[in-house]
Structure formats: C-alpha cells, structure tokens
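What follows is a set of notes on a single structure, which appears directly below.
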Amino acid sequence: MMNTVTFNNMLSDYRPSLMQSALKFTQNYDDAGDLVQDTLIKAIRYEEKYEEGTNLRGWLFTIMRNTFINNYRALARRTAVMVQNVDPWSYPVTENTSKNQGEGKFMMEDIAKAMARLEPVHSVPFLRYFEGYKYHEIADELDIPIGTVKTRIHVARRLLKSSLKMYGGDFARRIED
C-alpha cells in the first residue's frame, strides 16, 4: 500500500489535465478551479478506496465527472425553486411581513433542533439525500448497503415529521418529498 505523501504527489501530477477537463465542463476558469479542488479533496478523502496499480487518472476523472453532475443537479434544483417562487414585490407589504419573518426564524430553529436530536447514522444519509445525492452515492460514501441508506433516510423522515408535527400536514409533506 502506498503512503499518503506518494499518493498526494501522484494527485498533483494530474492537476493540469484535470484542469483542462474541468474547463470543458464548466466553461469558466474559476469554476474549473473549484471543481478540480473538490475532486482532489474527494480523492484524498477516499484514498483508501483507490486500488494501487489501477488507473488513477480514470479514477480521478470519474470523481470529477460525478462531482460536476452532482453540483449541476443541485444548482438546477435551486434554480428551479427560485424560478417557481412568486415575486415578493408584486404584493403590498403589510404588518404580517415582519410576523412571518419571526415565525420563519422559529421554524428554522425548530428544524435545527430536530436535526440535532437525530443520531448521525440517520442524519448523515438524510442530509446527503437532501443535498441531492442518489442512494447509491450515499451508500458508496458511507460504505453501507443501499437498503440501509433507504431505511436510515426513512427513519430520519419519520423522526423529523414527529418532532415537527406542530407545523401541520403541509410541512410534513415537504419532509417526505
């Protein structure tokens, strides 16, 4: 098994070719640099999953491609949510506006408290799924079976739904989605 210094030196040798490919993906130098950095961080994080003697370049490019796809999906979801939102300036402002901000703050605090009460075995897969990762990606990252990932996400949803039941059915349905 190779040591970490050797592995990191090998990674740095691939940085220029990773940057060229990242530029093709992103069409932006700064975004390409971020993508390469994310790729190298994940490679270092999962160094033990790399099998010495196999194609390191291919492994790195697979990590980069998957990272780009996941980031793209997350951006598409955020953009879709923003596009679907109603323009807040199209409605007259009333005294309820400040009331709603206060309620939203309390709701966010309750969500944070509910999440903090979850055991990491449930919260980590739930958060990864919420971030847009697929079940198989979560299973690979956590090195657990895909069925276990699904079960843990289901349990997290059920516990959150129970902890946040004071917000009613509409909120609970959003947790299920």
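The values are calculated or read from the model by the stated rules, or taken from the named source; none is laboratory data. Model, not experiment: these values are computed from the prediction. Note that we place each Cβ from the backbone using ideal geometry, even for glycine, and neighbour counts take in every protein chain shown.
Of note:
- Every residue from segment 50-63 that is surrounded by 12 or more Cβ atoms within 10 Å (Cβ to Cβ) and over 20 Å from the mean Cα position of the chain (by Cα): TYR50, LEU56, ARG57, TRP59
- Segment 4-52, residues that are in a loop (DSSP other than H, G, I, E, B) and either assigned by TED's automatic domain parsing to the domain that holds ILE144 or farther than 22 Å from GLU141 by Cα (or both): GLN27, ASN28
- Hits in segment 105-141 (condition: part of a helix (DSSP H, G or I) and among the small types (Gly, Ala, Ser)): ALA112, ALA114, ALA116, SER123, ALA139
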